[in-house]
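Structure first, then comments.
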Amino acid sequence: MNVKMTVFDSDKQKGAYDQKFSVEEAEKALSFHSGLEGYEATPLRKLDALSRFLGISGLYVKDESYRFGLNAFKALGGSYALARVMAEKTGKGLEEITQTPAGTFTFVTATDGNHGRGVAWAAKNLSQKAVVYMPKGSAKERLENIRRLGAEAEITELNYDDTVRFAKSQAEKNGWILVQDTAWEGYETIPTWIMQGYMTMALEAVKQLGEVRPTHIFLQAGVGAMAGAVTGFFSNYYGDSMPKLSIVEPDRADCLFRTAKAADGTLHKVEGDLDSIMAGLCCGEVCTVGWEVLRHHGDYFFSCPDYIAADGMRVLGNPLGGDEHIISGESGAVTTGLVYRLMMDERLEKWKKAVGLDRDSVVLCISTEGDTDRENYRRVVWEGWYCDPDSRK
């Protein structure tokens, strides 16, 4: 069994970035997004039959496959950041940026797929240019989805983090604007705007939950930008009633898990090919802004093999009677897959108890993408690829 977990002794104190992920900032992002053509709050699915089967009180999954017709949540960050950049550089308000002459700005980014598609979509809507670089091994379907939005896009021979560095060098060389959802020293303003854009889905979720308060939230992480932003929002929204928070990563790109486990004040990275089916989470270096939030509010960090994501894809794609069908991609389904395993696999009993999952638990997960790689989705859900190697013994 290759699932690993570490308990993180966070101090539960407000950090330097907490105010940037306040409810007020989330309301600003939601106000901007609600003015965009095609905006609609994505559904929050209440999976009662699955909850009963797992032996918990409730399981809610926010389905981001409906976001702006792009099959993933990433456009929330890209669109908000592009708008903030353009507003700052032109002196216009967010509501006026559509008056900016076409082609005034060229935005460049590195992506595993969804972020680049979101940036390309936002640039097209704002009549600006986008250039997108993807790491080796990226799915051709994701590349073509980006190109169809009018962006220049290509797959490099580099891993994700080196592709980020290449995009940065191209921005400096050509006078383009780097719009990256990871941060490092000296580059934190634009990543923070991207992260603030992600809070729209968290604010939608709490509005949809109404009086229901989750006891547990599971968030997937690549660099930790989305996880950090959403954690910051939930911490501000729930205050002292903050649910227990678990961060989930691929075992081949578990930079946050390694950083939390070491607990030595240093950011730990993962090098190499970062080869996992969870392409959107295959990032080896931690986002500094995201970690600044997570180190204050994170409780548990999980490192998971690919079959955990595959479990989630199959469980959500084949619902029990009465539950709604959710098409969730590899990166979107890993949190539900982990909850399923924690409740059903006796080998994880000690971690289930450590996290505190029981019949009174109410769990919130976010399915961050749909079938953005349809060929691989069919392999997993139809053909049964990526199963636990120990389950057939």
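The values are calculated or read from the model by the stated rules, or taken from the named source; none is laboratory data. Not measured: the values here are computed from a predicted model. When we count neighbours, we look across all protein chains shown, and the Cβ atoms used for this are built from the backbone with ideal geometry, even at glycine.
Structural remarks
- For A227, the stated conditions do not hold, so it cannot be described as part of a loop (DSSP other than H, G, I, E, B), within 17 Å of the chain's Cα centre (by Cα) and not acidic (D, E).
- When restricted to residues that are crowded, with 22+ Cβ neighbours inside 10 Å and among the small types (G, A, S), segment 168-209 contains 4.
A quick yes/no check of all residues on (1) in the same structural domain as F301 (by TED's automatic domain parsing); (2) acidic (D, E); (3) assigned to a strand (DSSP E or B):
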residue: E144; (1), (2), (3): no, yes, no
residue: L149; (1), (2), (3): no, no, no
residue: R165; (1), (2), (3): no, no, no
residue: S169; (1), (2), (3): no, no, no
residue: I217; (1), (2), (3): yes, no, yes
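- Residue check for K136: under 26 Å from N376 (Cβ atoms) and assigned by TED's automatic domain parsing to the domain that holds V230: no
- Candidate set from segment 242-256 (those that are part of a loop (DSSP other than H, G, I, E, B) and of a type outside the set (D, E, K, R)); member that is surrounded by the most Cβ atoms within 10 Å (Cβ to Cβ): A253
- Of the residues making up segment 123-142, just one is assigned to a strand (DSSP E or B), of a type outside the set (A, V, I, L, M, F, W, C) and closer than 24 Å to D371 by Cβ, namely Y133.
- Applying the condition of being of a type outside the set (G, A, S) and out of contact with any helix residue (DSSP H, G or I) (no Cβ under 9 Å at 6 or more places or on another chain) to segment 89-121 and asking which residue is surrounded by the fewest Cβ atoms within 10 Å (Cβ to Cβ) yields P101.
- Among the conditions (1) over 25 Å from the mean Cα position of the chain (by Cα); (2) of a type in the set (S, T, N, Q); (3) over 22 Å from K28 (Cβ atoms), the only one that T109 does not satisfy is (1).
- Pick from segment 66-117, criterion among the charged types (D, E, K, R), out of contact with any His (no Cβ under 6 Å at 6 or more places or on another chain) and under 27 Å from H325 (Cα atoms), ranking: modelled with the lowest pLDDT: D112
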